[in-house]
Each structure stands twice: as C-alpha cells, then as structure tokens.
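I have placed the structure first, in the form of structure tokens, so that the comments after it can refer back to it.
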Amino acid sequence: MDLSRRSTQAELMDGETVTADEYARCLHDLAAVNRVTLTHRPTLRWLARATRALPRGAHLCVLDVGCGEGDLLRAVRRWADRRGLQASLEGIDLNPRSAVAAAAATPPGAAIAYRTGNVFDYAPDPSPDFVVSSQFAHHLTDPELLHFLRWLERHAARGWFIADLHRHALPYWGFRVLARAAGWHRIVRLDGTVSIARSFRKPDWTRLLQQAGVAAETRWHVPFRLCVGRLK
Ligand SMILES: C[S@@+](CC[C@H](N)C(=O)[O-])C[C@H]1O[C@@H](n2cnc3c(N)ncnc32)[C@H](O)[C@@H]1O
C-alpha cells in the first residue's frame, strides 16, 4: 500500500449498493469506533478553548458537517451542559439515512436538529458560531477540500475545526486488527483502512491551506489524528 500520497479509492459507505439496514449498522459501529479511538476528544478540547472566555449561561451555535449518526453532537451537548452553556446544535449530512439514524439515536431532550443536504449547497443563516466536522474531510478530493476551507471561512462566524486522520502505516494496519477483534461491520473494517489511506499528512494540510489562502493551525493528537482549526 502506497501511503506517500492521498488514496483516491472510494469508500463502500459512499456507494449506492449499501442497504438501509447495513448503513444504519455501519453508522452504529462508527460511533463505537469513535468511542474506542477517542475521536471526539480533540474537537471537545478545541471547543473548550474557543469558548474559554464565555460566562456560564452564554449561548452558542454549533454546526457539525457530515454528522453521520450524530454522536459528536451528542458529545457536544453533554459538554455544553456540563459547562453551563446554552447550545443550539445542528448537523448536516448528505445521506438521508444519516438524519434518520441520528434522530433515532438522540434522546428527545437533547434538542439536536439533523438536516439532509450537501454542505456546499447550504448557506446557514444566521451563521453558526462554530462549524466542526469529524472524519468528513477525507471523503473530499483536494479541489473539494479547497472549496470546503473557503466555505468554512465564509460561514463559521467565530471559528471552525476539522478533525480527521493521520495517514500512517501504524493505524492503517492496526485498525484491521482492532476492527476484527471488536467484530465491527465488514464495511466499517474495509472503509476504515481506505479512510486512513485517503487521509492526511501535515504537508497536505500546509499545501491546501496555502492554496485556499487560509491561516489555520494544524495539530496532531493521540491516536493518529491530524486536526485543523481556526479561531477568528
Ligand atoms: C465517515 S462519515 C463520518 C460521520 C461522523 N462524523 C463520524 O465521525 O462518525 C462521513 C459522513 O460525511 C457525509 N458526507 C459526505 N459528503 C458530504 C457532503 N458533501 N455534505 C454533507 N455530508 C457529506 C457522509 O454521508 C458521511 O455520513
């Protein structure tokens, strides 16, 4: 496997042959992957840093792009409740099955809105304070990523954060072992390694940010996450 450049191999979950039942099971297992591999930690830490100066009771609005089953938004809800912030939370996902699965997994009191649509056709009004996305960026091609970075700059009022994977041989091979041991769905197992092969090294982000004309911070997080954030 050549990991020296981003793979262009398609993920099975993005194809049209996956049934509704398989899709729901994959999203469920992806939420488990996120839990076991501490996926949401960098985003929650970034949000904590971004809102450090806000007093308890303050209001903030967060949009999650490519929200899948909505587990990041539920984690943001728990964090905001603990922090005493009043959060309006919204997720957008291209696949209509995501909104159904996310709504089913969300307790009624959590008050999270799930929308179906292509982020590039969405102009949120008013602009959310913060836009986050987790394990979404590697689904995009390089030209789409430039478009996404500019979209974030235009629509995130106070800042944005992209949480994604670090393209490295250790997680590439290690994920197969972990996924098999955990009994995760075959599609999650296969897509997991494709996701890592499609993901990023720091020079990828440096080049993309430069081409988009955006100044943002790229940081590595345990385990093998490469995240990009910008506070305005
Ligand atoms: C790997 S999943 C990540 C889901 C979730 N954030 C997580 O961490 O489990 C990527 C998600 O991005 C969605 N997606 C892909 N392209 C999109 C687009 N242009 N606009 C909105 N969502 C998109 C897919 O439907 C998919 O649910």
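Using 0.36 nm times the number of residues separating residue 36 and residue 59, minus their current alpha carbon distance, what extension gain do you get?
Taking 0.36 nm per residue and subtracting the Cα distance, the gain is 5.2 nm.
Rounding to the nearest 20 debye, state how big the charge dipole of the chain is about its Cα centre with +1 on each Lys and Arg Cβ and -1 on each Asp and Glu Cβ.
1120
Just to confirm my numbers, what's the Cα centroid distance between the stretch 39-100 and the stretch 139-192 in Å?
First find each Cα centre; the distance between them is then 18 Å.
Tell me the Kirkwood hydrodynamic radius of the stretch 70-207 in angstroms, computed as one over the mean inverse distance between distinct C-alpha pairs.
Computed over the stretch 70-207, the radius equals 16.8 Å.
Multiply the residue separation of residue 222 and residue 123 by 0.36 nm, subtract the distance between their alpha-carbon atoms, and state the gained length in nm to one decimal.
Stretched out fully, the residue 222 to residue 123 stretch lengthens by 32.3 nm.
Which of the trypsin sites (Lys or Arg not before Pro) across the stretch 1-104 are loop residues per DSSP, with 11 or fewer other Cβ within 10 Å?
5, 52, 56
Sorting 200, 136, 161 on the 10 Å Cβ count, fewest up front, what's the list?
Ascending Cβ contact count within 10 Å gives the list 136, 200, 161.
Checking the a/c ratio against 1.5 first, then a/b against b/c, what shape does the Cα gyration tensor give for the stretch 63-116?
It comes out prolate by the Cα gyration axes.
Give the span of the chain's Cα atoms along each principal axis, as three whole-Å numbers ordered largest to smallest.
48, 41, 32
Need one number: nm distance between label points at residue 52 and residue 176, each 7 Å from Cα along Cα→Cβ, rounded to one decimal.
My value for the distance between the label points is 4.3 nm.
Between 188, 174, 114, whose Cα lies farthest towards the positive end of the dipole of the chain when Lys and Arg beta carbons carry +1 and Asp and Glu beta carbons carry -1, centred on the Cα centre?
Highest projection toward the positive end goes to 174.
Values in this text are rule-based calculations from the coordinates and carry no lab data. Please read these numbers as outputs of a predicted model, since none were measured by experiment. Methodologically, a virtual Cβ is constructed for each residue, glycine included, from the backbone with ideal geometry; neighbour enumeration extends over all protein chains shown.
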